[in-house]
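Reviewing the structure listed below.
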Amino acid sequence: MPKVALLSAGGTGGHLFPAQALGKELVRRGWDVHLATDTRAAHFLLGFDDITVHEIRSATPSVKSPIKAIRAIASLASGTWASIKLINSIKPSIFIGFGGYPTTPPGVAAALKKVPILLHEANATPGRANRFLARFATGYARSLPGAAISAKVIDAETGNPVRQTVLDAIRLYVAPQSGERFNLLVFGGSQGAQVFSSLLPNALALLSEDERKRISLTLQVRLEDDSECRERLADIGINAELAPFYGDLPERITNAHFVIARAGASTVSELAVLGRPSLLVPYPYALDHDQAANAQVLQQAGGAIVTKQSELTPQALAEQLIKLLCGKLDLQDMAASAQAMGRPDATQRLADMTVQLARP
């Protein structure tokens with residue numbers, strides 16, 4: 001009989017992509033793998049074909065609304081009961097939580113059923129779900145340097161597992177020479193796309209005509225902003241490709257000479273593994289300021305420039321772009337520094353830790 005692993009992750013790419021990578025590796029090693037998540041995960045489940053997915057009710061309690069808090073508690077209780085029944089059915093040897101509030105019900109259920117718990121934290125600072133579940137944990141796997149979540153758990157820096165499409169896209173970075181075309185990639189999720197698509201045309205307009213001619217821009221843009229942004233870029237002579245989503249993003253990161261992006265855990269991990277220099281603009285409204293901490297790690301390593309969103313004016317961005325085009329930044333060195341932070345073997349490391357902590 002194969003060993004069984006129960007994975008759980010919040011319904012975002014930052015939580016689900018590492019879970020997908022680990023799940024596929026465990027399947028390759030002969031395990032039976034299950035994933036507990038919520039309805040938001042539907043957009044990211046195409047790569048989970050070898051993994052049995054279970055939808056579990058969950059919620060994040062709201063301290064501002066008593067009614068929402070009561071509903072959230074009811075959802076958490078329902079999700080915990082459903083998770084207990086799931087554990088009784090599949091009998092996992094280990095539970096691995098990847099953060100996000102949907103991991104709480106199955107994590108609590110695993111604790112109640114005495115299943116070993118391994119928590120994986122993709123960000124530089126632990127999220128609230130992992131902080132809560134730490135009291136029950138056997139092991140804690142960190143993606144980035146940082147303090148242990150609890151003195152009572154087995155702690156290891158495994159790195160953040162990335163998808164096979166990222167590993168397949170690894171290629172040597174070659175900085176552009178003076179006068180050569182400069183490939184600029186800009187992406188940032190829905191909120192980041194709105195900020196960047198609004199700001200970038202104004203910044204590019206401040207460049208000289210010769211500087212603008214060198215830029216080949218790939219920009220993630222919301223559908224509702226596409227026409228206006230496309231027109232503004234055409235007016236200033238920018239060669240640009242615009243889309244609301246890029247399914248081949250790892251390849252596009254590899255093909256870029258420079259990347260402007262948010263600083264989510266998956267983005268930072270992929271930039272490091274692929275070894276591409278970047279300007280990171282952390283999402284400013286995150287409760288735990290996790291993106292700011294992620295960006296700081298890559299900045300301190302020399303692989304990224306970090307700018308607060310409040311300080312990213314068209315003038316400030318134009319100045320950075322001019323430095324890039326004039327060769328005032330050592331992009332080759334930045335790329336090497338970013339790649340030195342990468343952990344392309346993170347999936348194997350986390351899988352080894354899973355095997356180590358699983359009960360017989």
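The values are calculated or read from the model by the stated rules, or taken from the named source; none is laboratory data. No experiment lies behind these values; they were computed from the predicted model shown. As a convention, Cβ positions derive from the backbone with ideal geometry for all residues, glycine included, and neighbour counts pool all protein chains shown.
Computed quantities for the displayed model
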| quantity | calculated |
| --- | --- |
| Qualifying residue in the range 177-189 (condition: closer than 27 Å to Ala286 by Cα, part of a loop (DSSP other than H, G, I, E, B) and not assigned by TED's automatic domain parsing to the domain that holds Pro18) | yes |
| Selected residue [in a helix (DSSP H, G or I), assigned by TED's automatic domain parsing to the domain that holds Leu298 and either closer than 29 Å to Gly302 by Cα or among the aromatic types (Phe, Trp, Tyr) (or both)] from Arg230, Arg212 | Arg212 |
| Residue list for the range 276-290, filter: surrounded by 24 or more Cβ atoms within 10 Å (Cβ to Cβ) and in contact (Cβ under 8 Å) with a residue 60 or more places away in the chain | Arg276, Pro277, Ser278, Val281 |
| Members of the range 308-320 found to be within 25 Å of the chain's Cα centre (by Cα), of a type outside the set (A, V, I, L, M, F, W, C) and in a helix (DSSP H, G or I), listed by number | Gln309, Ser310, Glu311, Gln320 |
| Counted residues, the range 326-358 - those being surrounded by fewer than 13 Cβ atoms within 10 Å (Cβ to Cβ), assigned to a loop (DSSP other than H, G, I, E, B) and at pLDDT 95 or above | 0 |
| Condition check for Lys323: over 16 Å from the mean Cα position of the chain (by Cα), in a loop (DSSP other than H, G, I, E, B), in the same structural domain as Leu206 (by TED's automatic domain parsing) and within 27 Å of Asn202 (Cα to Cα) | no |
| Restricting the range 34-57 to residues that are under 28 Å from Ile73 (Cα atoms) and of a type in the set (A, V, I, L, M), the residue that is modelled with the lowest pLDDT | Ala42 |
| Thr267 being of a type in the set (Val, Ile, Thr) and either free of Cβ contacts under 8 Å to residues at least 40 places away in the same chain or out of contact with any Lys or Arg (no Cβ under 9 Å at 6 or more places or on another chain) (or both) | yes |
| Flag for Glu270 being assigned to a helix (DSSP H, G or I), closer than 14 Å to Gln339 by Cα, of a type in the set (Asp, Glu) and in the same structural domain as Met334 (by TED's automatic domain parsing) | yes |
| Qualifying residue in the range 11-24 (condition: at negative phi, assigned by TED's automatic domain parsing to the domain that holds Val108, among the β-branched types (Val, Ile, Thr) and at pLDDT below 90) | yes |
| Residue match in the range 299-307 (condition: in a helix (DSSP H, G or I) and at negative phi) | yes |
| Only one of Ile73, Ile94 that is surrounded by 20 or more Cβ atoms within 10 Å (Cβ to Cβ) and either aliphatic (A, V, I, L, M) or over 21 Å from the mean Cα position of the chain (by Cα) (or both) | Ile94 |
| Within the range 194-211, tally of residues that are in contact with a strand residue (DSSP E or B) (Cβ under 9 Å, 6 or more places away or on another chain), surrounded by fewer than 23 Cβ atoms within 10 Å (Cβ to Cβ) and free of Cβ contacts under 8 Å to residues at least 60 places away in the same chain | 0 |
| Qualifying residue in the range 273-289 (condition: within 18 Å of Leu184 (Cβ to Cβ) and assigned to a helix (DSSP H, G or I)) | yes |
| Count of residues meeting criterion [acidic (Asp, Glu) and within 22 Å of Ala256 (Cα to Cα)] in the range 306-353 | 3 |
| Enumeration of residues in the range 231-245 that are buried (at least 18 other Cβ atoms within 10 Å of the Cβ) and not aliphatic (A, V, I, L, M) | Arg232 |
| Answer residue from the range 157-174, given it is touching a Phe, Trp or Tyr at 6+ places or on another chain (Cβ under 9 Å) and at pLDDT 95 or above and is surrounded by the fewest Cβ atoms within 10 Å (Cβ to Cβ) among those | Val166 |
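To keep it simple, each residue is scored yes or no on (1) of a type outside the set (Val, Ile, Thr); (2) out of contact with any helix residue (DSSP H, G or I) (no Cβ under 8 Å at 6 or more places or on another chain); (3) surrounded by 21 or more Cβ atoms within 10 Å (Cβ to Cβ); (4) without any contact (Cβ under 8 Å) to a residue 24 or more places away in the chain.
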| position | (1), (2), (3), (4) |
| --- | --- |
| Lys3 | yes, yes, no, no |
| Gly23 | yes, yes, yes, no |
| Ala41 | yes, no, yes, no |
| Gly47 | yes, no, no, no |
| Glu55 | yes, no, no, yes |
| Ala69 | yes, yes, no, yes |
| Gly79 | yes, no, yes, no |
